[in-house]
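FYI, it's all coordinate maths here, none of it is from the lab. Because the structure is a prediction, the values reported are computed rather than measured. Every residue, glycine among them, receives a Cβ derived from its backbone with ideal geometry; neighbour counts consider all protein chains shown.
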Amino acid sequence: MRSISLIGVPLYTLTKNSGMGLAVQTLRNLGIDRALRERCVEFRDLGDVALPPLTRDNGPPKIRNNEYFLKCTDAIFDASRGIREQGMSVYLGGECGLVVGSAAGLKQQLPGKPGLLWIDAHGDFNTPETSPSGFVGGMPLAFVCGRGPPFSQQIENQQPIIEENAVVHLGGRDFDPLEAEALRLSRVKLYSPSEFKRNRNKLAVEIAETLAKQSDGIICHFDVDAIDPAIIPAVNYPCKNGLTPEDVNTVVAALSKTGKLRAFNLTAYNPTLDKDSRCGKTILDLIAKLPL
C-alpha cells in the first residue's frame, strides 16, 4: 500500500460532450474517495482543476475548440505539480484530453522516462490532418507522442511527452481510416479486445513487461468505453465487443507488479446517460478492486 492523490479534471472539448464534465462530481458523490482511502496508507484529495466553462464551439473545422483545450491543458499541467514522487496519482475525468497536461506534469515531477498503457475503444491517434471531425478528444494520444500542433512552451519543451515505443494501446476496435494507418506506421503496440481475451493472463504480463522495459514510470489511461457497452453503456461513443472489468483488472495487476505504475486516468463516463447510476456504481466497483 502507498499514498494516493486524487485529482478531478472535469474536461470536455465539445459542447455536446458536456455530460462527461459531470462525471467527476458524480463519481465523487458515489464515494470514489472512500473507495480509494481504504486502499492506501495516505490519501490526498487535491480537489478539482478549475476549468473555464465551454458554452460555444469555435475554431477551424479540423481542430475544434483548440484554444480552449490549450488553456485547460496548462491548468491541468499546473495541478499535476501537487503529486508526490513515490505515490499514485488518480486523475478523474472528463475527456481523454486530460492526459496531455497530466502526463506532462508527471514527467516533470517523476524521475526517468514515462510509459503509457492506453485502454480505449478508439485510437485517439488522429491529428488535424487525419481527423474527419476535428474533435480534439480524438487526438490526445497523438499529442502525447509529439504529433499535432504546438502547446505552450512549458509542455513543448517536453515533447514528445512519451516516446511511441513506450506506448501500448489495448481495447481498440473503432479507428478512423487515416488514424488506423498512422497507428500501423507508428511504434505504438496494439492489442485488440479479441486478441487480449484469447490469452489474457499471458498478454497482461507481456504488456506490463514491455512498458517496464521501456520506461521508469507507467501511466495507465482507462477510457470506460473500452468496456463492452453491454456492461457500461453510459458513454458518448459506445462500441460493441469490448473488454470486461476483469480484463482491465488483470492488466492493471500486471502493471502494478512491475513496481512502476505511477498514475491512473479514468475518463469518458457520461452520467447524464446513467439515470439510475448503475454504470457509475459499476465503475466505482471496478476502481475499488484495482490493485493500484
| note | Correct response: the longest run of the chain lacking exposed trypsin sites (Lys or Arg not before Pro), defined by DSSP loop and at most 10 other Cβ within 10 Å, is 57-274
| message | Restricting the calculation to Cα positions, tell me the Rg (one decimal) and the Dmax (whole number) of region 1-145 in Å. | response | 15.5, 48
| LEU6's amide H: which non-local residues (gap 5+, or another chain) put their own amide H closer than 5 Å, with H modeled 1.01 Å from N in plane and none for Pro or chain starts? | ARG44, ASP45, LEU46, VAL90
| query | Relative to the compact globular guide of 2.2 N^0.38 Å, what is the alpha carbon radius of gyration of region 229-292, as a ratio? | reply | 1.20
| said: What number results when the radius of gyration of the chain, computed over Cα atoms, is divided by 2.2 N^0.38 Å? | reply: 0.90
| said: Taking amide H atoms as placed 1.01 Å from N in the peptide plane, list the residues 5 or more away in sequence, or in a different chain, whose amide H sits under 5 Å from that of PHE151. | reply: GLU156
| query | In whole percent, what relative contact order does region 1-141 give with Cα contacts below 8 Å and a gap of six or more residues? | reply | 33 percent
| query | Considering only Cα-Cα distances, which of the following residue pairs are longer than 25 Å: LYS62/LYS113; LYS62/LYS213; LYS107/LYS202; LYS107/LYS189? | reply | LYS62/LYS113; LYS62/LYS213; LYS107/LYS202
| message | Could you work out the relative contact order of region 167-248? I mean the mean sequence separation of Cα pairs under 8 Å and 6+ apart, divided by the number of residues, in percent. | response | 30 percent
| Placed amide H near LEU190: partners under 5 Å, 5+ positions off or other chain | HIS169
| query | What residue among PRO149, PRO132, PRO271 has the largest mean-square fluctuation in a Gaussian network model of the chain, using Cα springs under 10 Å? | reply | PRO149
| note | Only helices counted: for the chain, with every DSSP H run of 4 or more residues adding -39500 (n - 2.57) and the sum spread over all residues, [θ] at 222 nm is -10000 deg cm²/dmol
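List the relative contact order of the chain as a percent without decimals, with contacts defined as Cα pairs under 8 Å and 6+ residues apart.
Numbers: 630 pairs, mean separation 63.8, N = 292.
Over the chain, the number comes to 22 percent.
Charges at C-beta only: +1 for Lys and Arg, -1 for Asp and Glu. How large is the resulting dipole of the chain about its Cα centre, in Debye rounded to 20?
The calculation lands at about 560 debye.
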| query | In region 1-98, what GluC sites (Glu not before Pro) fall in a loop by DSSP, with at most 11 other Cβ atoms inside 10 Å? | reply | GLU38, GLU85
| request: Just round it to a whole percent: the fraction of Cα-Cα distances in region 173-274 exceeding 19 Å. | output: 50 percent
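Looking only at the chain, where both bridge partners belong to it, what percent of the DSSP beta bridges are antiparallel (to the nearest 5)?
5 percent
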| task | For region 1-85, just run the numbers: alpha carbon Rg, then divide by 2.2 N^0.38 Å, N being how many residues it has. | result | 1.28
